[in-house]
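Written below as structure tokens is the structure these notes are about.
The values are calculated or read from the model by the stated rules, or taken from the named source; none is laboratory data. Please read all numbers here as calculations on a predicted model, not as lab measurements. Cβ placement follows ideal geometry from the backbone for every residue including glycine, while neighbour counts extend to all protein chains displayed. Only protein heavy atoms, including side chains, enter the accessible area calculation; ligands, DNA and RNA are left aside. Shrake-Rupley method; radii C 1.70, N 1.55, O 1.52, S 1.80 Å.
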Amino acid sequence: GLFDAILIKDNHLAAVHSSEHGREIEIAISRCRYEFPRLSVEVEVDSLPQFEVALSCQPEIILLDNMSPEQCKEAVRINEGRVLLEASGGITLDTVRSYAQAGVDFIAVGAITHSAPILDICLDISEVI
């Protein structure tokens, strides 16, 4: 739930006002740790350079957003087990295996919910007694 952890997404980073461009991740994580010291922090990144910045800030989890399996594998190599890694964005049931083989800790597959097939169920009442 949103009550037991913090997820810093790209829109949150865009809202951080910094006089030094590129410090948004550091500032966001620092503010979260100050305001909510007992909550774990996950931060979303969409490139390997951004990943390296986030890694230096030591969040509990880094979300690798819309990265290829190859980019995820490189992030796993750079990470060396320091923080948990989650792959998300554009992952389907057909591609999930390649992300698992990249070595990330978690994989979010939105297709499970937004593309689930429907089951048409109806209740027809033929007689009321």
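Taken one residue at a time, the phi angles of the stretch 45-52 give Karplus couplings (6.51, -1.76, 1.60, θ = phi - 60°) of 10, 10, 8, 5, x, 5, 4, 5 Hz. Gly and Pro are set to x. In vacuum, with every alpha carbon of the stretch 29-129 counted as one equal point scatterer, what does the Debye formula give for log10 I(q)/I(0) at q = 0.11, 0.14, 0.19 Å⁻¹? Two decimals, please. After summing over all Cα pairs, the log10 values are -0.43, -0.58, -0.90. Averaged over residues, the count of other Cβ atoms within 10 Å places the peptides 110-121, 64-75, 22-33 in the sequence 64-75, 22-33, 110-121, highest first.
Ligands, DNA and RNA excluded, the heavy atoms of Leu48 present near 40 Å² of accessible surface to a 1.4 Å solvent probe. Remark: the Arg23-Arg82 segment gains 19.2 nm on full extension, using 0.36 nm per residue and subtracting the alpha carbon distance.
Per-peptide packing, taken as the mean over residues of other Cβ atoms within 10 Å, places 34-44, 2-12 in the sequence 34-44, 2-12 from highest down. Taking each residue as 0.36 nm, the span from Thr113 to Asp4 lengthens on full extension beyond its C-alpha to C-alpha distance by 37.0 nm.
The portion of the accessible surface of the chain made up by carbon and sulfur, rounded to a whole percent, is 54 (1.4 Å probe; DNA, RNA and ligands excluded).
For every helix of n ≥ 4 consecutive DSSP H residues, a contribution of -39,500 (n - 2.57) applies; sum these over the chain, divide by its total residues, and give [θ] at 222 nm rounded to the nearest 500 deg cm²/dmol. Could the numbers behind the result be given before it?
Details: 6 runs with 49 residues, N = 129.
After summing the helix terms and dividing by residue count, I get -10500 deg cm²/dmol.
With Cα atoms defining each centre, the stretch 90-129 and the stretch 36-80 are spaced 26 Å apart in the structure.
Out of all DSSP beta bridges in the stretch 23-97, what portion is antiparallel? Express it as a percent rounded to 5.
Numbers: 0 of 9 bridges.
Antiparallel bridges: around 0 percent, rounded to the nearest 5.
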